[in-house]
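A short worksheet on the structure shown next.
The values are calculated or read from the model by the stated rules, or taken from the named source; none is laboratory data. Note that the structure is a prediction, hence the values are computed from the model and not measured. In this analysis, Cβ positions are derived from the backbone assuming ideal geometry, glycine residues included, and neighbour counts consider all displayed protein chains. Heads up: the accessible areas ignore ligands, DNA and RNA and are worked out on the full protein's heavy atoms, side chains in. Shrake-Rupley method; radii C 1.70, N 1.55, O 1.52, S 1.80 Å.
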Amino acid sequence: MAAFSSGMPIQDMAYMLALFGTGAFVMRGAGCTINDMWDVKFDKMVERTRARPIASGAISRPKAFVFLGGQLAAGLAVLVQLNPYTIAFCLGSMPLVTIYPFMKRITYWPQLVLGLAFNWGALVGWTAVTGGMNWAVALPLYAAGVSWTLVYDTIYGHQDKRDDVAAG
């Protein structure tokens, strides 16, 4: 949306698409790694998650930490390609990414925090292309992404109800 409204050349659009595709892949992976590291004890007790590499013991926590470091380094390599406003804006998502695994322990709405964290890229895309924020355009896209995350993660949550009760 921002690329078309700003008249960005097609080559620049392709570059941004490659950056954001790479960034989304590695940072969502980093979020999953963080989540699996924090939730290893719970994941072992839940049918859907007990085969995850850390929970199953296929990968040790120290190796997962090294892997996370690689993911974060790749994310940083993408981040530094962006303008300073966008870099600062991206850092705003880090508290959400960090607290998400703990939200499952203190609220019935952890999906909301997940949605806020995972869909931050909808806001970042606008800032990366324009150097600023147009909330009237970007906020509805962000809200739609958060809403979608609420739906699909609630479905996951319902799949785990029996195991969650047993796990405490």
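Just a few scattered comments:
- Scanning the stretch 84-105 for residues that are in contact (Cβ under 8 Å) with a residue 24 or more places away in the chain and open to solvent by 40 Å² or more (accessible area, probe 1.4 Å) gives Tyr85, Thr98, Phe102, Lys104.
- Taking the listed residues Ala18, Ala30, the one that is open to solvent by less than 30 Å² (accessible area, probe 1.4 Å), modelled with pLDDT of 90 or more, in a helix (DSSP H, G or I) and out of contact with any Cys (no Cβ under 6 Å at 6 or more places or on another chain) is Ala30, with no other qualifying.
- In the stretch 62-106, the residues that are β-branched (Val, Ile, Thr) and at pLDDT below 90: Val97, Thr98, Ile99
- Qualifying positions in the stretch 34-52 - of a type outside the set (S, T, N, Q), surrounded by 15 or more Cβ atoms within 10 Å (Cβ to Cβ) and either in a helix (DSSP H, G or I) or in contact (Cβ under 8 Å) with a residue 40 or more places away in the chain (or both): Ile34, Asp36, Met37, Trp38, Asp39, Val40, Phe42, Asp43, Met45, Val46
- Whichever residue in the stretch 57-83 is farther than 17 Å from Met27 by Cβ and in contact (Cβ under 8 Å) with a residue 12 or more places away in the chain and, among such residues, is surrounded by the most Cβ atoms within 10 Å (Cβ to Cβ): Asn83
- If you go through the stretch 119-145 and keep only what is within 13 Å of the chain's Cα centre (by Cα) and not in a helix (DSSP H, G or I), you end up with just Asn119.
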